[in-house]
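Colleague: A single structure is presented below for examination.
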Amino acid sequence: MRYIFAQFFLLVVIAWPIDHYQLSPFGLLLISLAGGISVWTLLTNRPGNFNVRPIPKETGKLITYGPYKYIRHPMYSSLFFGGLGIVLCQFVYWKLAAWVLLIIVLALKANVEERALCKHYSDYVKYKKTNSAFIPWLW
């Protein structure tokens, strides 16, 4: 639960208040990429399969297609990219620090989630060995 609270708190810190706004083409590209990944992920997951908590749903299914074919945590990746895009469009050091903390929190949350997924789905260990966690072929 603490990871969820920290995640949403840091997202609010990054996104609010909207001040010092500057048009950053790379920032807008990252925000657009994050939006695309989010929509693709939500469309790939069937209703009832998605969970904000790092615990698999009892009736959930392991999804390995769509964005999950390339990365294990596409929603977290979208938060990485979108958060960085916002920081680039509203640059202040404390928002950058919040973004770095967000990456740490989501990496820790993913670690907890993956232990639960390994226990819940027998195929997850094999899937984990063949896919990057957040950025294809890098991390």
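The values are calculated or read from the model by the stated rules, or taken from the named source; none is laboratory data. All values reported here derive from a predicted model rather than from experimental measurement. Cβ atoms come from the backbone with ideal geometry, glycine included; neighbour counts cover every protein chain shown.
Colleague: Taking the condition modelled with pLDDT under 95 and either under 15 Å from the mean Cα position of the chain (by Cα) or crowded, with 17+ Cβ neighbours inside 10 Å (or both), does Gly35 pass?
Modeller: Taking the combined requirement at face value, the residue does not satisfy it.
Colleague: Please work out if Leu62 is closer than 21 Å to Thr130 by Cα, touching a residue at least 60 places away in the same chain (Cβ under 8 Å) and in a loop (DSSP other than H, G, I, E, B).
Modeller: Here the answer is yes, as Leu62 does meet what is asked.
Colleague: Looking at (1) assigned to a helix (DSSP H, G or I); (2) out of contact with any Pro (no Cβ under 7 Å at 6 or more places or on another chain), which one does Arg53 not meet, given that it meets all the others?
Modeller: The single condition Arg53 does not satisfy is (1).
Colleague: Out of everything in segment 57-85 that is modelled with pLDDT under 95, in contact with a Gly (Cβ under 8 Å, 6 or more places away or on another chain) and of a type outside the set (D, E, K, R), what residue ends up being surrounded by the fewest Cβ atoms within 10 Å (Cβ to Cβ)?
Modeller: Among residues in segment 57-85 that are modelled with pLDDT under 95, in contact with a Gly (Cβ under 8 Å, 6 or more places away or on another chain) and of a type outside the set (D, E, K, R), the one surrounded by the fewest Cβ atoms within 10 Å (Cβ to Cβ) is Thr59.
Colleague: If you don't mind, another one. Among the residues of segment 1-31, count how many are more than 14 Å from the chain's Cα centre (by Cα), surrounded by 13 or more Cβ atoms within 10 Å (Cβ to Cβ), touching a residue at least 24 places away in the same chain (Cβ under 8 Å) and not in a loop (DSSP other than H, G, I, E, B).
Modeller: Final tally of qualifying residues: 6.
Colleague: Somewhere in segment 21-31, is a residue touching a Leu at 6+ places or on another chain (Cβ under 8 Å) and under 17 Å from Pro74 (Cβ atoms)?
Modeller: yes
Colleague: Sticking with this structure for a sec: Write out, first by first residue and then by second, each pair whose Cβ atoms fall under 7 Å of each other, whose residues are 6+ apart or on separate chains, and whose first residue, in segment 98-119, is closer than 17 Å to Pro56 by Cα while the second is surrounded by fewer than 16 Cβ atoms within 10 Å (Cβ to Cβ) and among the hydrophobic types (A, V, I, L, M, F, W, C).
Modeller: Once the first residue is closer than 17 Å to Pro56 by Cα and sits in segment 98-119, its partners that are surrounded by fewer than 16 Cβ atoms within 10 Å (Cβ to Cβ) and among the hydrophobic types (A, V, I, L, M, F, W, C) give Ala116/Ile55; Cys118/Val125.
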